[in-house]
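One structure is given below, encoded as C-alpha cells.
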Amino acid sequence: MSDTQLPVWEVFIQANPGIAHKHAGNVHAADAEMALQNARDVYSRRSEGMNIWVVPASAITASSPEDQGAFFEPSNDKPYRHPTFYKIPKGVKYL
Amino acid sequence: MEDQKQLDAFEAKIASGVKIEPKDWMPEAYRKQLVRMMSQHAHSEIVGMLPEGNWITRAPNLRRKAILLAKVQDEAGHGLYLYSATETLGVDRTELLEQLHSGKAKYSSIFNYPTLTWADIGAIGWLVDGAAIMNQTALARGSYGPYSRAMVRICKEESFHNRQGYEIMMHLTQGTEEQKAMAQDALNRWWWPSIMMLGPSDDQSPNSDQLMRWKVKMESNDAIRQRFIDRTVPQAEFIGLKVPDSQMKMNETTGHYEHGPINWDEFFDVIKGNGPCNAKRLKDRKEADINGRWVREAAMAFAAKRVKEKEVA
Ligand SMILES: [Fe+2]
Ligand SMILES: [Fe+2]
C-alpha cells in the first residue's frame, strides 16, 4: 500500500531573535503552508519559537557517518587555521 | 553475520554515553527492539487520547475543558514526535499505523479501561501520566538519539498533565460526600491498572540484560514501579484518599512501600485483547484513519494543482 500519510517536512525553529534556527523535528503535510501550520501546532505550543522554516525532507542531503573520517579529515591537518598555531611574544598586546 | 568489530565499537560508544544516530551502524536486534518499543509508545499516545477525549464535551466548566483540550492536544503531539522518531529507523508511518490497526502492534494496556466519571480524568492525569513520567524520564537517558530527544521534550510537557489530574482529584475530595466518593472510586479502579502499565515484573520479562547494556531499557520495570508507588501513596494520603491495597505498608527499614500481589492474569488478558475497551479503541482508531483519508487525498490534490498553476503562470 502506498503512503497515505503525506510527505515529510523537516522543521527548524528560531527560538529568539538573533539566534540561528535549530532543527526541531518533522511533520507530515501536503504543502509548505500546511507544513508551517502543523509545525506551529506540533513544535511551538508553548511559545518555543518566533520563526519557523520548513524544508521538504527529500530536499536535504546529508553526509554519511561511515565517511565521517575521510570527509572531515582535511581540516585536521591545517592547524594554521587556528589562532593558537601562531607564537606571539609576550609583550605584544591586542593580537 | 554481524561484524564483531562493529558490534564492539557500537557497544563502546553506548558505554561512553554517546548517542546512536539513525544512519549509524546498529545491530539488527537493536533496531527491531526500538521500532517495537517506540511504535508501541507512539500508539499509546494517540490511543490514550480516546478515553480522555470522551470527557472533553462534558468537562464541568470552561477552565477544565480548556485544560483537557490542551492536554489531549499534547498527547497528539507526543504521538507525532514518537512516530517521526520511529520513522528514522526506516519504517514509515503508514506501515506503523497498519500494524496498530491490524492488532499486530500493541499499545499500553491502560487505555483499554473505560472513563466512567469525571473523576477518571483526574485519576488518569495523576496516575497514568504520573506512571508514564517515571518511565519516560528513564527513557530520556536511553542510547538512541531521536528517541531520547523526543522523551526529553515529552517529559517537559508531562508535568502539567500530572498536576492538572491531581488538582481535579483534590477538588473532588474537598467537595460533597458524593464527590469524595467519586474520587475514591476512580482511584480504586485506576490504581492497579496504573501500576501494571509499567510492565511485567522483572522475573517475567526475559532478555533485559542486553537491552540494559544497549541502553534501550534504562531501569527494570519493578524499580520504576517502586518509585511510582513511593511517590504516589503519600500524594493519595495527603488528599484523604486510600490506595485500594490492604497490604500496602511502609517498610521503615528500607524506606519503601510494600504492596500486595498484582493480578498479572488480568494484565496479560487485557494485552491479549480482552480488556473492557480493546475493541472500541481499535474501531475508533480505524474509523479516524478511514474518515481522514479523503482529507489527506484532497490536500495532496490541491497541492499538486497549485504547483501546476505556478508552472503555467
Ligand atoms: Fe504523552
Ligand atoms: Fe500526558
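Quick note: the coordinates plus some simple rules give every number you see, no bench work behind them. Just so you know, these numbers come straight off a predicted model, no measurement behind them. Because the Cβ atoms are built from the backbone with ideal geometry, glycine has one as well, and the counts that use them run over all protein chains shown.
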Options B:K180, B:K156, B:K104: the member that is under 24 Å from B:F267 (Cβ atoms) and of a type in the set (K, R): B:K104
Set B:A313, B:A303: member being over 29 Å from B:A186 (Cα atoms), of a type in the set (A, V, I, L, M) and within 12 Å of chain A (Cβ to nearest Cβ): B:A303
Residue list for region B:108-163, filter: charged (D, E, K, R) and assigned to a helix (DSSP H, G or I): B:D120, B:D129, B:R149, B:R153, B:K156, B:E157, B:E158, B:R163
Given (1) more than 14 Å from every other protein chain (Cβ to nearest Cβ); (2) within 15 Å of the chain's Cα centre (by Cα); (3) within 16 Å of ligand 1 (Cβ to nearest atom); (4) surrounded by fewer than 22 Cβ atoms within 10 Å (Cβ to Cβ), number of the condition B:V152 does not satisfy: (1)
Which numbered condition B:Q99 fails, given (1) within 13 Å of ligand 2 (Cβ to nearest atom); (2) closer than 12 Å to B:A42 by Cβ: (1)
The listed residue being within 28 Å of B:R64 (Cβ to Cβ) and in contact with a Phe, Trp or Tyr (Cβ under 7 Å, 6 or more places away or on another chain), out of B:G165, B:G240: B:G165
Matching helices (runs of 4 or more DSSP H) fully within region B:1-90 where at least 3 residues are more than 16 Å from ligand 2 (Cβ to nearest atom) and within 14 Å of another protein chain (Cβ to nearest Cβ): B:4-15, B:62-87
